[in-house]
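Reading through the structure tokens given below for one structure.
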Amino acid sequence: MARFTTGVTIVTTRTPNGPAGMTASAVASVSLDPLMLLVCVGNTLATRDAISDSGVFAVSVLSQGQERHALRFASRCDDKFAGVGLRTDHDLPVVDGAVAHFACNVQEEFAGGDHTIFVGQVVSCGYSVDSNPLVYFGGKFGSLCDLNSHAQLAFDWQLAASM
């Protein structure tokens, strides 16, 4: 699966003791009507129980440059939210500066091997038109190629080579 390019997200929820969250690449669209998505969460993670108990979760699609957030939420550190800006317009923790975000109510919960598959109905969402997504491939973070910049760079190299 390391050869499958994915977006990078942080899946969060709330608990009586504060927010919980994790980095996830196993996120997918399920339905447009109603708008639903799924997330896969490892059964040994505290975030799995927190989502199951709360019945809600948010998905923040990370933008280029937010690699440190992805690494922090992939770790088992005590306070993953320390130093991470959160949007204040949501009841759930949503990462500030994310390309997109989705707040969901859990509709279904399925066993999926060593993971739990949560299907959530989207109750609110938003996106930024001014940022590019963070992607993950082969164990490394990357970004999408901006076609305008790529075309200009190719032109500049061709021009330089012809001189």
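For this structure, a couple of remarks:
- The requirement of being hydroxyl-bearing (Ser, Thr, Tyr) and closer than 23 Å to Leu144 by Cβ is satisfied by Ser63.
- Selection count, region 1-19, where residues are more than 16 Å from Phe57 (Cα to Cα) and assigned to a strand (DSSP E or B): 2
- Set side by side, the residues Thr9, Thr23, Thr47 differ, and just one is open to solvent by less than 50 Å² (accessible area, probe 1.4 Å), in contact with a Phe, Trp or Tyr (Cβ under 8 Å, 6 or more places away or on another chain) and among the polar types (S, T, N, Q), which is Thr23.
- With respect to the conditions (1) surrounded by 19 or more Cβ atoms within 10 Å (Cβ to Cβ); (2) polar (S, T, N, Q); (3) modelled with pLDDT under 90, Ser143 lacks only one, and its number is (1).
- Counted residues, region 99-127 - those being surrounded by 12 or more Cβ atoms within 10 Å (Cβ to Cβ) and either at pLDDT below 90 or among the aliphatic types (A, V, I, L, M) (or both): 8
- Strands (runs of 3 or more DSSP E) wholly inside region 107-148 that include at least 1 residues being farther than 23 Å from Ile51 by Cβ: 134-137, 140-143
- Test: residue in region 51-72 that is acidic (Asp, Glu) and within 12 Å of the chain's Cα centre (by Cα): yes
- Selection within region 87-98 - more than 23 Å from Val135 (Cβ to Cβ) and open to solvent by 50 Å² or more (accessible area, probe 1.4 Å): Thr88, Asp89, Asp91
The values are calculated or read from the model by the stated rules, or taken from the named source; none is laboratory data. These figures come from a predicted structure and were not determined experimentally. Using ideal geometry, Cβ is built from the backbone for each residue, glycine included, and neighbour counts are taken over all protein chains shown. Areas reflect the complete protein model, heavy atoms only, side chains present, ligands, DNA and RNA absent. Shrake-Rupley method; radii C 1.70, N 1.55, O 1.52, S 1.80 Å.
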